[in-house]
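Novice: I'd like to ask some things about the structure below.
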Amino acid sequence: MAELYDRYSSVVYAVALRVLGDTGAAEDVLQEVFLQLWRRPGAFDAARGSLGSWLAVITRNRAIDSLRKRRPETDIEDVVLSVAPDLAADAERTRAAEKVRGVMGGMAPAQRSALEMAYWEGMSHSEIANKTGEPLGTVKTRIRTGLIALRKAFQS
Amino acid sequence: MSEHERYAEDLALYALDALQGEDRARVDEHLTTCAACRLELERLRGDTALLALSATGPRPPQRARQRLLDAVAREARVPKMVKASQRRSWWGWLGWAATAAVVIFALSLWQENSALRQNLVSASFRAAQNRRELEELRRIAAPILEPETQRVTLVAAKAPPQPQGKAFYLRSRGSLVFLANNMPPLPPQKAYELWLIPASGAPIPAGVFKPDARGNASVVNPPLPAGAEAKTFAITVENEAGSPAPTTPVLMVGVGE
């Protein structure tokens, strides 16, 4: 467990801190995510992509649940990812993070902000539509095409 | 907007854990029958992982590591010590000795349990890479290898040159693999679009693709409506974002096999 913690804790903590903006709350999510891995090591398996990516997604979901004070919607065993980079090494992660920031920077401001509100603030598409005054369908489309733009950038 | 496109947008919200109530239940139900949408959901979750991994910041404080390791140690349940009798009899001392023996035995079990858990987590992690690659290979190869797979060869409507496409479609799983070669280069902002032509009704979009410098291209498991029956497949040239319906004449069409 100590080995896995040393390898992935910086990813998990960075994601939790980005969502919650509070070091104490981010530490709590960090603790919860690694304890879940300890209690249910079988929850992560081959079909769930790389461990680093899986932990990052689980962490983001738990941090959003904590931010919005709601019960977890998805069980960790149901979180299945297709192949995504592992990015355990700091250098790889820094390069990937720069690439993601580059793709986000290239998006239209309205699309980037819809994706960020949905991802980092856990806002629903209707909440985003209310805030921006845009139609629901437009918000939905922006979120989906934004995610696919990221995928394409890493495929090429 | 087609029903399938609506699911595609809801899937993105689902991947973000942002879909709730009836909308979520509707997608859950659809996912039980649509392999293509399950695969797309996995891809979208992979996309969200990219977003998550872009978060950078300070390392967690050292105390967080110790807190976790302490919690892990506490999780291994050491039996509570049995309260010894207050009477300082010979039998009482024997009770203490027995309790000490039980505690020592429990501690050794705890150490063994910790080591086993550690091995399980590490082994799961090490094996993941190989198993993931195998799973991916199986998933991609399944429509080609299944005996009931419908095989359709597409050739140029006007020859020469001789572009060729092969579609491997497994209707029961909604899986489609399409491989093409000798495809002519495209004008800027244009792409080829593959169409599933049903026995009746309008052509169904089955993926947009651009050939590489050698004219090769592929489409793997595009989102398709569950159970769509394919009479054949066809290709047109469309804007690179794709089109919900063909807007140009058919360039290539299935000839059966």
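The values are calculated or read from the model by the stated rules, or taken from the named source; none is laboratory data. Values in this document were obtained by computation on a predicted structure and should not be read as measured data. FYI the Cβ positions are ideal-geometry reconstructions off the backbone, even for glycines, and counts take in every protein chain you see.
Novice: Do you know which residues across segment A:106-125 are more than 8 Å from every other protein chain (Cβ to nearest Cβ) and either more than 23 Å from A:Val57 (Cβ to Cβ) or not in a helix (DSSP H, G or I) (or both)?
Specialist: Matches in segment A:106-125: A:Gly106, A:Met107, A:Ala108, A:Pro109, A:Ala110, A:Glu121.
Residue-wise test of (1) of a type in the set (Ser, Thr, Tyr); (2) modelled with pLDDT of 90 or more; (3) surrounded by fewer than 16 Cβ atoms within 10 Å (Cβ to Cβ); (4) in the same structural domain as B:Ala206 (by TED's automatic domain parsing).
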position	(1), (2), (3), (4)
B:Leu13	no, yes, no, no
B:Asp17	no, no, no, no
B:Arg24	no, no, no, no
B:Ala35	no, no, no, no
B:Lys80	no, no, yes, no
B:Ser89	yes, no, yes, no
B:Trp96	no, no, yes, no
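Novice: Does any residue of segment B:10-27 turn out to be at the interface with chain A (Cβ under 7 Å from one of its Cβ atoms) and in a helix (DSSP H, G or I)?
Specialist: yes
Novice: Which condition does B:Arg59 not pass, out of (1) facing chain A (nearest Cβ under 7 Å); (2) surrounded by 14 or more Cβ atoms within 10 Å (Cβ to Cβ); (3) not hydroxyl-bearing (Ser, Thr, Tyr), if it passes all the others?
Specialist: In the conditions (1) facing chain A (nearest Cβ under 7 Å); (2) surrounded by 14 or more Cβ atoms within 10 Å (Cβ to Cβ); (3) not hydroxyl-bearing (Ser, Thr, Tyr), B:Arg59 misses (2) alone.
Novice: Please state which of the following conditions B:Gly242 fails to meet, knowing it meets all the rest: (1) small (Gly, Ala, Ser); (2) free of Cβ contacts under 8 Å to residues at least 60 places away in the same chain; (3) in a strand (DSSP E or B).
Specialist: With respect to (1) small (Gly, Ala, Ser); (2) free of Cβ contacts under 8 Å to residues at least 60 places away in the same chain; (3) in a strand (DSSP E or B), B:Gly242 is out only on (3).
Novice: Within segment B:212-222, which residues are in a loop (DSSP other than H, G, I, E, B) and crowded, with 19+ Cβ neighbours inside 10 Å?
Specialist: B:Asn221, B:Pro222
Novice: Restricting attention to segment A:1-53, which residues are more than 16 Å from B:Ala52 (Cα to Cα) and not in a helix (DSSP H, G or I)?
Specialist: Selection gives A:Met1, A:Asp22, A:Arg40, A:Phe44, A:Asp45.
Novice: Output the residues belonging to segment A:113-144 that are surrounded by fewer than 18 Cβ atoms within 10 Å (Cβ to Cβ) and either over 15 Å from the mean Cα position of the chain (by Cα) or within 14 Å of B:Tyr14 (Cα to Cα) (or both).
Specialist: Selection gives A:Ser113, A:Ser126, A:Glu127, A:Asn130, A:Lys131, A:Thr132, A:Gly133, A:Glu134, A:Pro135, A:Leu136, A:Gly137, A:Thr138.
Novice: Okay, next question. Can you pull out the residues in segment B:28-60 that are farther than 23 Å from A:Ala16 by Cβ and part of a loop (DSSP other than H, G, I, E, B)?
Specialist: B:Cys34
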